[in-house]
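Everything on this sheet refers to the single structure shown next.
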Amino acid sequence: MTDAEVPVDDAAARSGPSRRLVLGTAGAVAGGLALAGGGFAAGRATAASASQADAYDFYGAHQSGIVTPQQDRLHFAAFDLTTDSKARVVSLLRRWSEAAARLMAGSELGSGAAGGAYAAPPDDTGEALGLPASGLTLTFGFGPGLFDSRFGLGSKRPDQLIDLPHFSGDTLDPQFTGGDLCIQACANDPQVAVHAIRNLSRLAFGDAAIRWAQLGFGRTSSTTRAQDTPRNFMGFKDGTANLRAEDTDLVDRWVWAEPGDGQEWMTGGSYLVARRIRILAEIWDRTSLQEQEATVGRTKGSGAPLSGGSEFTEPDFSLKGRDGEALIRPDSHVALAHPSAHGGAMMLRRGYNFTDGADSLGRLDAGLFFLAYVRDPREQFVPVQNALSSSDVMTVEYLRTTGSALFAVPRGLAPGSVLGSEGAYVGQELFA
Amino acid sequence: MPRPALAASGAVLAALALSACVPNATADDEAIAVDSSNDACDVATAEVPSGTVVFDVTNTGDDVTEFYLLASDGLRIISEVENIGPGITRQLVVQVPAGDYLTACKPGMTGDGIQAAFTVTDSGEDVTTGDNAEQLAAAGEQYLLYVRDQIQTLTTKTDAFLAAYTAGDDDEARALYADARVHWERIEPVAESFGDLDPMMDAREADLAEGESWTGWHRIEKNLWPPAEGYDLTDAEKQELADKLAADTAELASRVNAEDFAIDAFQVGNGAKELLDEVAAGKITGEEEIWSHTDLWDFQANVDGAAVAYGVLHDVVAQTDPDLVEELDSRFTELNEQLAQYGSIEEGFVLYTDLTEDQIVELARSVDALGEPLSRLTAAAVL
């Protein structure tokens, strides 16, 4: 097949050279076949399909990384804007959008990691060379700080983007709290996720700086029916009752902002709650199995509700045992968090297990990095968290929330959008 | 809902590769493959339109090779890429106006090389950057004058500092310490280029390996700002340290004043970047002056030196990359304004230990904001 016969996908053509292709070309270059910058044209077919097979589309009505089947690894970064120029913020979002499209396609940034000017630092830092797209998604969000006096956007702040209240028991560390912007990078290879955040933060120098960041090493939720339910750091299946991409009616009801929700620029977007929840693992691990199951409200093995059945059986909170008490304790996590206790309110959870090593006392600094997408945090997150913070034995006894942030996640970019220094960018409706 | 991109077959990528973005300077330009073997120099094409020309030079021979683009007289070098090891591919990016040229491979790095005619036709495109060689040479010379001037002042101020130190006037020595070091810090990459002098003059205690002897500025610093009782030196030990630093400073001065000592534009550009690296690695953390805490003097001096290096390249880069110039100008201003909140070299700075964590973070962010574009200065100047 000649190149002239090939239909070129617009989005693909805007992307840079595939990381996979670059490595495949060494022999061809030596043979003098190189056409450009290290010979991307050679050695293509097999490597190309392997590289692209696990790539998600950057474009779409909604940003990727929300209902996308949840990947195994996370690098999350919250940024402070260090500029007070609205034009610079727009410029940053353009650079990020253009880079995100390339990164998600498994392509190198700019002139690549080894193909650029010899006297200049490479545009791409290179640690993802040879790695496929790895299901990378990049999801951008706006924190309350974007709407402060610096940028004149105050009138466009959505009512849903509240300053989260203090929840009973919160022990927030400023080092893991807040932020003007955020990027959630999820991938099936941690190196690909970290590479994305590293390169995006590099593009931000001067306009935004990382305020805090969190790595997650394993997902604690499923966002599609095809995925197994993973286990959290407490050893229990987590997210059994999570919203799934297939539940489109429920996703529309509980995840996506609709026209009429307030700020029209948020239509098709969502709100991201991020909470760094440390698990007091040593104490939890000394708790009897009976107490652990009673605390959660499910069995540790199969994840079935204590009222019986299997993992996906609906819990029956009215079923009582010999002593007349409910089999699922009213102060169990399942009972307090269940939609039936909150007018049916659901969240699309997308959390990750994390560990940042050990603290100075030799205890695991580990837990759950809770991420949840909701249409209105005031109705979906705050009431649930208030119930858990005050009554949930698990939250009160075994968890410490050390970080907290809320972001407005705007809609996605329409397929066919042209990116670049004058082009389309994530969140453009806010600045229109 | 996002779904896997199905469209991307291998063939699509093949087409993509032809239109792919390649290096910034060479976007939309196709590289010309050059095969430099033991006895041939195969250039894929002998005629190109004027503008940015990119050669991908692959050494298929057994010796180290070089590739030159020469003026038609075969003498004047338009641009070159050196030190290409066997099997390695290196890129040469050059702005070329219309005219007749020669290409040359030089396997073994000797002789006139294997030459061939190379024609650049008029593309109608403005080739504004053309030949900056004269401007770049002038930049190197200008910077060298600055280096010599700083080292002369360094010598004078070091002598005064050491006189106070050996006379036992510790208060006076402490007052002179940071101000003298400013002149070292401003030209630090040049001083560091003398690999034997730098460790003798500027090593920090933590830089030493087990059993190495410690001399130079920071040895005296620790004596003047002892961390605890019991760090006294005898007069003879002090005199020995002073004599050593004075001698090493004199040696540094004689080397940079040697007739054959030169600095090229490439070194100037990289020096600017390295000065900001110094700030980011040692000053912003308070590690450089761990006893005296006079890190902000060094910080300002590093920024001063970087600004001078940038200044001598400014006019060249203003032609090749005006956006970069605009960004660098504003980032230098921002950082200098921030530093000015904490004092000046003339009036003195607050100590590093007086800065709050927020102030340090703010400074670090401004250093990153300047350091990132500054890392592109060399390529913008010399390409």
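The test for being at pLDDT 95 or above, outside any helix (DSSP H, G or I), crowded, with 16+ Cβ neighbours inside 10 Å and on the phi > 0 side of the Ramachandran plot holds for A:Gly206.
Sub-7 Å Cβ pairs linking a first residue in the stretch B:323-351 that is within 15 Å of B:Pro373 (Cβ to Cβ) to a second residue that is in a loop (DSSP other than H, G, I, E, B) and modelled with pLDDT of 95 or more, at least 6 apart or interchain, are B:Arg331/A:Gly206, ordered by first then second residue. Please indicate, with yes or no, whether at least one residue in the stretch A:112-128 is more than 13 Å from chain B (Cβ to nearest Cβ) and either among the charged types (D, E, K, R) or in contact (Cβ under 8 Å) with a residue 24 or more places away in the chain (or both). Yes; the residues of the stretch A:112-128 include at least one that is more than 13 Å from chain B (Cβ to nearest Cβ) and either among the charged types (D, E, K, R) or in contact (Cβ under 8 Å) with a residue 24 or more places away in the chain (or both). Pairs meeting the criteria (first residue in the stretch B:361-383 and touching a residue at least 24 places away in the same chain (Cβ under 8 Å), second residue crowded, with 24+ Cβ neighbours inside 10 Å and part of a loop (DSSP other than H, G, I, E, B), beta carbons under 9 Å, at least 6 apart or on different chains) are B:Ala379/A:Gly116. If only residues of the stretch A:174-187 that are buried (at least 17 other Cβ atoms within 10 Å of the Cβ) and of a type in the set (S, T, N, Q) are counted, the one that is farthest from A:Ala372 (Cα to Cα) is A:Thr177. Among the residues of the stretch A:168-191, are any under 22 Å from the mean Cα position of the chain (by Cα) and within 11 Å of chain B (Cβ to nearest Cβ)? Checked against the condition, which is being under 22 Å from the mean Cα position of the chain (by Cα) and within 11 Å of chain B (Cβ to nearest Cβ), the stretch A:168-191 yields at least one hit.
Within the stretch A:145-173, being in a loop (DSSP other than H, G, I, E, B) and buried (at least 19 other Cβ atoms within 10 Å of the Cβ) holds for A:Phe151, A:Pro158, A:Gln160, A:Leu161, A:Leu164, A:Leu172. Name the single residue, out of those in the stretch B:364-383 being more than 7 Å from chain A (Cβ to nearest Cβ) and out of contact with any Gly (no Cβ under 6 Å at 6 or more places or on another chain), that is modelled with the lowest pLDDT. Going through the qualifying residues, I end up with B:Ala380. Tell me whether the stretch A:55-74 contains one or more residues that are out of contact with any His (no Cβ under 8 Å at 6 or more places or on another chain) and at pLDDT below 95. For the stretch A:55-74, residues out of contact with any His (no Cβ under 8 Å at 6 or more places or on another chain) and at pLDDT below 95: absent.
Here the stretch B:19-41 is the region considered, the condition is being within 7 Å of chain A (Cβ to nearest Cβ) and at pLDDT 85 or above, and the residue that is farthest from A:Glu108 (Cα to Cα) is B:Asp35.
For the stretch B:250-283, a tally of residues being under 30 Å from B:Ile360 (Cα atoms) and either under 9 Å from the mean Cα position of the chain (by Cα) or of a type outside the set (D, E, K, R) (or both) returns 14. Inside the stretch A:213-270, residues that are assigned to a strand (DSSP E or B) and more than 19 Å from the chain's Cα centre (by Cα) make up a count of 1. Looking at A:Leu200, A:Leu146, just one residue is assigned by TED's automatic domain parsing to the domain that holds A:Val393, over 30 Å from A:Ala304 (Cβ atoms), of a type outside the set (Lys, Arg) and within 19 Å of the chain's Cα centre (by Cα), and that residue is A:Leu200.
Exactly one residue out of A:Ser134, A:Ser107, A:Ser155, A:Ser91 is on the phi > 0 side of the Ramachandran plot and of a type in the set (Ser, Thr, Tyr), and it is A:Ser134. Across the stretch B:62-108, the number of residues qualifying as in a loop (DSSP other than H, G, I, E, B) and either within 14 Å of chain A (Cβ to nearest Cβ) or in contact with a Pro (Cβ under 7 Å, 6 or more places away or on another chain) (or both) comes to 6.
Could you figure out which of (1) surrounded by 19 or more Cβ atoms within 10 Å (Cβ to Cβ); (2) of a type outside the set (Asp, Glu); (3) more than 24 Å from A:Gly216 (Cβ to Cβ) isn't true of A:Gly239? A:Gly239 satisfies every listed condition except (3).
Restricting the stretch A:79-93 to residues that are more than 14 Å from chain B (Cβ to nearest Cβ) and either modelled with pLDDT under 95 or touching a Gly at 6+ places or on another chain (Cβ under 8 Å) (or both) leaves a set whose member that is surrounded by the most Cβ atoms within 10 Å (Cβ to Cβ) is A:Leu93.
Of the helices (runs of 4 or more DSSP H) lying entirely inside the stretch A:272-373, the ones with 3 or more residues being farther than 27 Å from A:Leu250 by Cβ are found at A:281-285, A:289-296.
The values are calculated or read from the model by the stated rules, or taken from the named source; none is laboratory data. None of the values given here were measured: they were computed from a predicted structure. With ideal geometry, Cβ positions are generated from the backbone for all residues, glycine too; neighbour counts draw on all protein chains shown.
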